[in-house]
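**Q** One structure coming up, written as structure tokens, with questions to follow.
The values are calculated or read from the model by the stated rules, or taken from the named source; none is laboratory data. Source: prediction; values computed, not measured. Methodologically, a virtual Cβ is constructed for each residue, glycine included, from the backbone with ideal geometry; neighbour enumeration extends over all protein chains shown. Each accessible area value is taken on the protein alone, full model and side chains, heavy atoms only, with ligands, DNA and RNA left out. Shrake-Rupley method; radii C 1.70, N 1.55, O 1.52, S 1.80 Å.
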Amino acid sequence: MPAIDSNDLSIGDVLKDFYAVPDYQREYVWTEDQVEQLLADIRAEQSDDPKAEYFVGSIVTCESKGGRFDLIDGQKRMTSLFVILCAFRDRLIELGQDPGSAVNTLLAAGKIDLSGREIFALRLDLQYDDAGRIIEGLFKREFVEQPNLTRSMSNIMTA
């Protein structure tokens, strides 16, 4: 029987891996209120102490093919963090600053696929009803108007 491992990781350490939200998972239902609450909670815990910690929440994953993890629990937080990082990067660009590779590698990186080739992949792959296209558009900074957005896609764009 496989063991269940538990690790305390920073957001930066969590986003060194690749994740997929399987299509059987519930779609992204967070609204602006939940995203603002997440940001407010993080801001409230900010400290000058570099060792200060804040528990954002747990995620439950299952190792999958191709060197990625399926998100079983925590997909809304992970999706929100991905969207927040995209917004942070975009704001830095608007201010004329270079977000640098540190931010970009939390969003996407090269990895080896199942056939042994190096590919470029997003750290988060949403596998339900075209949500992956929204995530890819946010990463590429290509905000294409799409007719008939699903509720999940609309919530991601609002986030």
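**Q** Would you mind telling me which residue in S115, S64, S101 has the biggest mean-square fluctuation in a Gaussian network model of the chain, where springs connect alpha carbons within a distance under 10 angstrom?
**A** S115
**Q** What's the longest uninterrupted piece of the chain once you rule out the trypsin sites (Lys or Arg not before Pro) that are loop residues per DSSP with at most 16 other Cβ within 10 Å? Could the numbers behind the result be given before it?
**A** On the way: sites that count: K16, R26, K51, R117, R141.
By the stated rule (loop sites, at most 16 other Cβ atoms within 10 Å), 52-116.
**Q** Please build a GNM for the chain, connecting alpha carbons under 10 Å apart, and tell me which residue among L39, L149, L95 fluctuates the most.
**A** L95
**Q** Tell me the accessible surface of V56 in square angstrom (1.4 angstrom probe, heavy atoms of protein chains only), to the nearest ten.
**A** Roughly 40 Å² of V56 is accessible to a 1.4 Å probe.
**Q** In debye, nearest 20, what is the charge dipole magnitude of the range 1-139 about its Cα centre with +1 on Lys and Arg Cβ and -1 on Asp and Glu Cβ, if you could check?
**A** The dipole of the range 1-139 has a size of about 360 debye.
**Q** In whole percent, and with a 1.4 Å probe on the protein chains, what portion of the accessible area of the range 1-120 is carbon and sulfur?
**A** Details: 4110 of 8110 Å².
Taking all protein chains in place, the range 1-120 shows 51 percent carbon and sulfur surface.
**Q** What list of whole percents do you get for P(r) of the chain, with Cα-Cα distances grouped in 5 Å bins up to the one holding the largest distance?
**A** 1, 8, 16, 20, 22, 17, 10, 4, 1, 0, 0
**Q** Still on this structure, I have one more. Heavy atoms of the protein only, probe of 1.4 Å, neighbouring chains included. What is the accessible area of F55 in Å², nearest 10?
**A** Its accessible surface works out to 150 Å², give or take rounding.
**Q** What number, rounded to the nearest 500 deg cm²/dmol, is the helix-based mean residue ellipticity at 222 nm of the chain, given -39500 (n - 2.57) per DSSP H run of at least four residues and division by all its residues? Display every interim value, and only then the final one.
**A** Working: 6 runs with 63 residues, N = 159.
The per-residue figure over the chain is -12000 deg cm²/dmol.
**Q** Moving to a separate point now. Please report the antiparallel percentage of the DSSP beta bridges confined to the chain, to the nearest 5. Provide the component values of the computation, followed by the final result.
**A** Numbers: 9 of 15 bridges.
Bridges in the chain that DSSP calls antiparallel: roughly 60 percent.
**Q** Work the Kirkwood hydrodynamic radius out for the range 34-128: mean of 1/r over every pair of different alpha-carbon atoms, inverted, in Å.
**A** Values: mean 1/r = 0.0643 Å⁻¹.
Taking the inverse mean of 1/r over all distinct Cα pairs, the range 34-128 comes out at 15.6 Å.
**Q** Related question: Sequence gap at least 6, Cα distance under 8 Å: using those rules, report the relative contact order of the chain to the nearest whole percent.
**A** Working: 176 pairs, mean separation 51.6, N = 159.
Once normalised by length, the contact order is 32 percent.
**Q** Name the residue farthest towards the positive end of the dipole of the chain from the options I93, Q34, L81, assuming +1 on Cβ of Lys and Arg, -1 on Cβ of Asp and Glu, about the Cα centre.
**A** So the residue we want is I93.
**Q** Anyone know which of G116, G100, G67 comes out most mobile in the 10 Å Cα GNM of the chain?
**A** It is G116.
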